[in-house]
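Below: the structure, in structure tokens.
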Amino acid sequence: MSVNLPEYYFRVRENGAFVFRVDTENRQRRIEMDQIAVVNIKNGEVKPRGGRDLTPEDMKVIEEWMSERVAVLAQRDIDDIHRAVDYLNLTAHWAQTRATDEQLDSVTDALLLAMHDLRTVLVRKKADRILKKG
């Protein structure tokens, strides 16, 4: 195990993370993690834990992590959309080349409705962007 562990550990959860201070400077040379805060990415809230006050250094590290995390999540969102485009292309190829009538019957209505909904949203959003530019 690495001797140079970070001072802080962030246990990611859906809306943020639990923040721990990592301590390896103890007599038993064990890794101890003391929870110091709970972070909510969606509303930017940082709640200290264990009746403690967070130091300016704690807050600096937490705020940097939050900023980096928001950027990672935003990148993942756009990656997911690019993958969705790939899946749509793969689905079209599957429907054209390999799908049985039974398989097509089981997915056609759901796919058509989802694609219609997506098309409607995309056309409306594109029109809004064009009107803003004009």
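The values are calculated or read from the model by the stated rules, or taken from the named source; none is laboratory data. Every value quoted in this text rests on a predicted model; they were computed, and no experiment measured them. Cβ placement follows ideal geometry from the backbone for every residue including glycine, while neighbour counts extend to all protein chains displayed.
Observations
- If only residues of region 27-44 that are within 18 Å of residue 67 (Cβ to Cβ) and of a type outside the set (A, V, I, L, M, F, W, C) are counted, the one that is surrounded by the most Cβ atoms within 10 Å (Cβ to Cβ) is 40.
- Residues satisfying the stated conditions in region 22-35, i.e. part of a strand (DSSP E or B) and touching a residue at least 24 places away in the same chain (Cβ under 8 Å): 33
- Taken across region 57-67, residues that are farther than 30 Å from residue 122 by Cα and either of a type in the set (Phe, Trp, Tyr) or modelled with pLDDT under 95 (or both) do occur, with at least one present.
- Qualifying residue in region 73-88 (condition: exposed (fewer than 14 other Cβ atoms within 10 Å of the Cβ), closer than 30 Å to residue 113 by Cβ and of a type in the set (Gly, Ala, Ser)): yes
- Extreme residue, nearest to the chain's Cα centre (by Cα), among residues of region 40-86 that are under 30 Å from residue 104 (Cα atoms) and of a type in the set (D, E, K, R): 77
- Test for residue 122: is it outside the structural domain of residue 12 (by TED's automatic domain parsing) and free of Cβ contacts under 8 Å to residues at least 60 places away in the same chain: yes
- Residues in region 1-26 that are acidic (Asp, Glu) and within 21 Å of residue 69 (Cα to Cα) were compared, and the one that is nearest to the chain's Cα centre (by Cα) is 14.
- For residue 100, the stated conditions hold: it is of a type outside the set (Asp, Glu) and loosely packed, with under 10 Cβ neighbours inside 10 Å.
- Test: residue 81 is modelled with pLDDT of 95 or more and assigned to a helix (DSSP H, G or I): yes
- Scanning region 87-134 for residues that are aromatic (Phe, Trp, Tyr) and over 25 Å from the mean Cα position of the chain (by Cα) yields a total of 1.
- Residue within region 101-109 that is within 30 Å of residue 5 (Cβ to Cβ), modelled with pLDDT of 95 or more and either part of a loop (DSSP other than H, G, I, E, B) or polar (S, T, N, Q) (or both) present: no
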